[in-house]
């Protein structure tokens, strides 16, 4: 898909990072994740960085485990956080409930599909200075706040 292709462009040297805040499912990113990680890069959850950028130490050399983006087969969404993700026709289990057009935030894990990406993601082609990466993400989020849907 488009998200996977854009992540793979990082391996070609066509960017320093890729941010995706909405509209992807696990299958859109799993192949690119494998390629990026095989070449020393990382795929990370966007929400923890945007909401808590000060928790990342300037001298950190590894990303905290709760930031790593990994797919784990499950019947419920493992990334669900109540009130952070807007329900869409792509991630909602009950699409008919969206018919009125109002923006609805998911408040229960049963409202979202188990494979939907709900926290956004960002990819880095190679190990990068964590402080610089956090600065890049927070600057981008200040310009265009993520929607997490």
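Let me check against my output: what whole-number percent is the relative contact order of the stretch 53-149, with C-alpha pairs under 8 Å and at least 6 apart? All intermediate terms of the calculation are to be shown ahead of the outcome.
Numbers: 102 pairs, mean separation 36.7, N = 97.
Value for the stretch 53-149: 38 percent.
Alpha carbon centre of the stretch 80-125 versus the stretch 44-60: separation in Å?
22 Å
Stretched out fully, how many nm does the piece from residue 135 to residue 97 gain, at 0.36 nm a residue minus the Cα gap? Walk me through the intermediate numbers first.
Working: separation 38, 0.36 × 38 = 13.68 nm, distance 3.79 nm.
Roughly 9.9 nm would be gained on extension.
What angle, in degrees between 0 and 90 and rounded to the nearest 10, separates the Cα long axis of helix 2-11 from the longest principal axis of the Cα atoms of the chain?
10 degrees
I need 30, 67 ordered by Cβ neighbour count within 10 Å, fewest first.
Values: 30 15, 67 21.
Fewest-to-most Cβ neighbours within 10 Å comes out as 30, 67.
If you rank 27, 63 by fewest surrounding Cβ atoms within 10 Å, what's the result?
Ranked by crowding around the Cβ, least crowded first: 27, 63.
Among 89, 136, which comes first, then next, by fewest other beta-carbon atoms within 10 Å?
By the 10 Å Cβ count, ascending, the order reads 89, 136.
Using a Förster distance of 25 angstrom, determine the FRET efficiency expected from the C-beta separation of residue 90 and residue 31, and round it to 0.05. Please list the in-between numbers first.
Working: r = 19 Å, r/R0 = 0.75.
For residue 90 and residue 31, the calculated efficiency is 0.85.
Values in this text are rule-based calculations from the coordinates and carry no lab data. Given the structure is predicted, the values throughout are model-derived calculations rather than measurements. Glycine gets a Cβ as well: all are built from the backbone with ideal geometry, and neighbour counts include every protein chain shown.
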